[in-house]
Amino acid sequence: ESSRIHCPRLRSKIMSAEAAAALIPSGVNVGMSGFTGAGYPKVVPSALAKRIMDANIYGKKFKIGVWTGASTAPDLDGALAMVDGVEMRLPYQSDPTCRKRINAGEMEYIDIHLSHVAQFVWSGFLGKLDIAVVEVAGILEDGRLIPSSSVGNNKTWLDQADKVILEVNSWQNPELEGMHDIYYGTQLPPNRKPIPLLRTQDRIGEAYLRCDPAKVIAVVETHSPDRNSAFSAPDENSRKIAGHILEFLEHEVKKGRLPANLLPLQSGVGNIANAVMAGLNQGPFENLTAYTEVLQDGMLEMIKSGKLTCASATAFSLSSGALAELNADLGRYKNNIILRPQEISNHPEIIRRLGVIAMNGMIEADIYGNVNSTHVMGTKIMNGIGGSGDFARNAFLSIFMTPSQARGGEISCIVPMASHVDHTEHDVQILVTEQGLADLRGLSPKQRARAVIDNCAHPHFKPALNDYYKRALDHSPGKQTPHLLEEALSWHLRYLRQGAM
Ligand code: 0RQ
């Protein structure tokens with residue numbers, strides 16, 4: 001459907017995915033669109049994977065650097081990882097094949113804060129960006145691009161890459177036009193100015209992505225749906241976690257520390273985050289707003305019910321059911337949803353100014369409140385820090401949540417010492433499990449340990465945690481953050497050796 005491509009100069013660059021993939025040589029860094037399964041290029045990456053496989057058959061090494069917004073899909077991360085075609089991956093991924101390669105030491109991976117990626121590239125910290133491969137929903141006559149279902153780092157890729165390959169996906173809803181807010185005012189120091197975004201609903205930029213047509217080496221037409229994230233209905237634990245958070249928020253409103261319509265919400269990926277949104281949708285709060293990264297099913301429900309008046313994000317992350325519903329009526333949501341570049345959706349300045357309430361999942365927390373979001377048993381990457389650090393440090397309230405146990409009760413998610421730290425004790429204000437909520441604000445390390453063990457640990461692991469903490473209090477050389485260093489990580493070792501903590 002070339003009616004989506006209104007620029008004659010770019011129309012002349014239309015070619016097949018295979019022809020476009022043939023323009024990507026080994027050794028280059030490629031900036032791909034895509035954020036949590038939305039707006040990633042659908043055909044060029046898999047055509048490239050095929051090309052890499054063919055090269056490998058002839059004994060030739062063929063690897064590229066893959067930079068994205070965040071996670072993508074099996075036809076991008078999965079396909080390229082499968083043929084061992086990725087030299088370096090950044091910044092966030094959640095693909096099983098990719099994860100396996102990284103943990104086997106076959107793929108380099110840099111886990112950076114999502115808000116840092118663009119400025120790292122502008123400053124040249126990551127080397128040269130050679131090629132951008134970006135999905136768009138359409139091309140205007142003057143060459144400007146209608147962004148797709150995610151913005152991610154696309155503005156930066158289009159701006160910084162020497163060459164650009166565009167995928168124009170006619171499956172994307174034409175009503176996306178006008179939903180985006182692309183801010184072109186960001187600068188590097190020492191020339192930075194305040195970003196003039198004062199409320200979630202503010203529009204400070206343009207509806208389109210700019211792109212120099214002279215850099216475009218290929219335009220590929222597609223008609224292919226986004227990958228959908230399947231959400232399970234909230235389980236017992238998620239409902240309990242949501243319940244604790246709701247009760248806490250009501251308490252904060254009563255105390256006068258939060259306004260009646262709360263503050264802009266940020267909610268991470270996954271079932272618990274979705275359950276919290278479902279809880280809020282049933283709850284007493286009205287006129288809520290969200291300043292977040294991804295817009296999940298739960299938030300869409302809240303927009304539909306009228307509880308959430310405006311959501312600002314960088315991408316959709318919806319189940320197929322929710323996506324079908326959204327697409328059937330996208331025009332209706334134009335006043336409620338704004339999609340921005342991830343350097344803006346995750347910008348520390350704005351998160352701090354708006355006073356965001358950040359709610360993110362975690363792998364484990366220790367008794368002092370250090371949080372591990374990324375590494376299983378200290379060495380194996382799960383997904384990456386994503387935006388959790390951007391939000392946690394700068395939020396008005398920073399909440400981390402997890403079931404108290406993992407793997408059928410063999411693992412305690414509350415441990416003596418976190419086996420990897422993404423969010424330090426200074427960035428973690430509230431910990432929640434199905435057991436309860438620990439409000440760590442204003443507490444010293446020893447007071448925090450008491451609150452975390454008492455409120456968050458599973459009864460099965462509580463006695464062992466109490467025992468560790470008591471002996472640490474007695475024998476630790478320093479009494480500020482008592483630890484028994486020879487024992488601090490013994491729970492993880494026990495799991496690795498015996499299959500249970
Ligand atoms: O493993 O899938 O093999 O069964 O971790 O755990 O309980 O389903 O939780 O889906 O909310 O994910 C931290 C990974 C939690 C996620 C993390 C195992 C568990 C399971 C998933 P299986 P659950 P969730 C904005 C915010 C970082 C990025 C972020 C995440 C799997 O929230 O990636 O916050 N966060 N971004 O079995 C060993 C433990 C474990 C454990 C859980 N203690 N030890 N394994 N698991 N706890 C979004 C973006 O930035 C894009």
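The values are calculated or read from the model by the stated rules, or taken from the named source; none is laboratory data. Everything numeric in this text was worked out from a predicted model, so none of it was measured. All Cβ positions, glycine included, derive from the backbone under ideal geometry; neighbour counts span all protein chains shown.
The table below gives the values:
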item: Breaking point among (1) in contact (Cβ under 8 Å) with a residue 60 or more places away in the chain; (2) surrounded by 18 or more Cβ atoms within 10 Å (Cβ to Cβ); (3) not β-branched (Val, Ile, Thr), for residue 19; result: (2)
item: One residue from 217, 195, 146, 165 being part of a strand (DSSP E or B) and under 23 Å from the mean Cα position of the chain (by Cα); result: 146
item: Boolean, residue 134 is closer than 12 Å to residue 341 by Cβ, crowded, with 18+ Cβ neighbours inside 10 Å, of a type in the set (Val, Ile, Thr) and touching a Leu at 6+ places or on another chain (Cβ under 9 Å); result: no
item: Pick from segment 317-345, criterion part of a loop (DSSP other than H, G, I, E, B) and of a type in the set (S, T, N, Q), ranking: surrounded by the fewest Cβ atoms within 10 Å (Cβ to Cβ); result: 335
item: Condition broken by residue 71, with the remaining ones in (1) crowded, with 16+ Cβ neighbours inside 10 Å; (2) farther than 22 Å from residue 173 by Cα satisfied; result: (2)
item: In segment 162-186, the residues that are among the hydrophobic types (A, V, I, L, M, F, W, C) and under 20 Å from residue 11 (Cα atoms); result: 164, 165, 166, 168, 171
item: Residue satisfying all of: in segment 22-36; crowded, with 16+ Cβ neighbours inside 10 Å and small (Gly, Ala, Ser); nearest to residue 229 (Cα to Cα) among these; result: 34
item: Verdict on residue 441 being farther than 18 Å from residue 363 by Cβ, out of contact with any helix residue (DSSP H, G or I) (no Cβ under 9 Å at 6 or more places or on another chain) and crowded, with 21+ Cβ neighbours inside 10 Å; result: no
item: Extreme residue, farthest from the ligand (Cβ to nearest atom), among residues of segment 110-144 that are among the acidic types (Asp, Glu) and out of contact with any Cys (no Cβ under 9 Å at 6 or more places or on another chain); result: 130
item: Options 408, 361; residue that is small (Gly, Ala, Ser), surrounded by fewer than 24 Cβ atoms within 10 Å (Cβ to Cβ) and under 23 Å from residue 115 (Cβ atoms); result: 361
item: Qualifying positions in segment 241-282 - assigned to a helix (DSSP H, G or I), of a type in the set (D, E, K, R) and without any contact (Cβ under 8 Å) to a residue 24 or more places away in the chain; result: 254
item: Members of segment 283-297 that are in a loop (DSSP other than H, G, I, E, B) and within 16 Å of the ligand (Cβ to nearest atom); result: 292, 293, 296
item: Residues within segment 454-490 that are crowded, with 19+ Cβ neighbours inside 10 Å, among the hydrophobic types (A, V, I, L, M, F, W, C) and either part of a loop (DSSP other than H, G, I, E, B) or in contact with a helix residue (DSSP H, G or I) (Cβ under 8 Å, 6 or more places away or on another chain) (or both), tallied; result: 3
item: Subset of segment 427-443 [in contact (Cβ under 8 Å) with a residue 24 or more places away in the chain and either basic (Lys, Arg) or part of a loop (DSSP other than H, G, I, E, B) (or both)]; result: 427, 428, 429, 434, 435, 440
item: Where residue 95 falls short, out of the listed (1) under 19 Å from residue 38 (Cα atoms); (2) in contact (Cβ under 8 Å) with a residue 60 or more places away in the chain; result: (2)
item: Qualifying residue in segment 319-338 (condition: at pLDDT 95 or above, touching a Lys or Arg at 6+ places or on another chain (Cβ under 9 Å) and within 25 Å of residue 196 (Cβ to Cβ)); result: yes
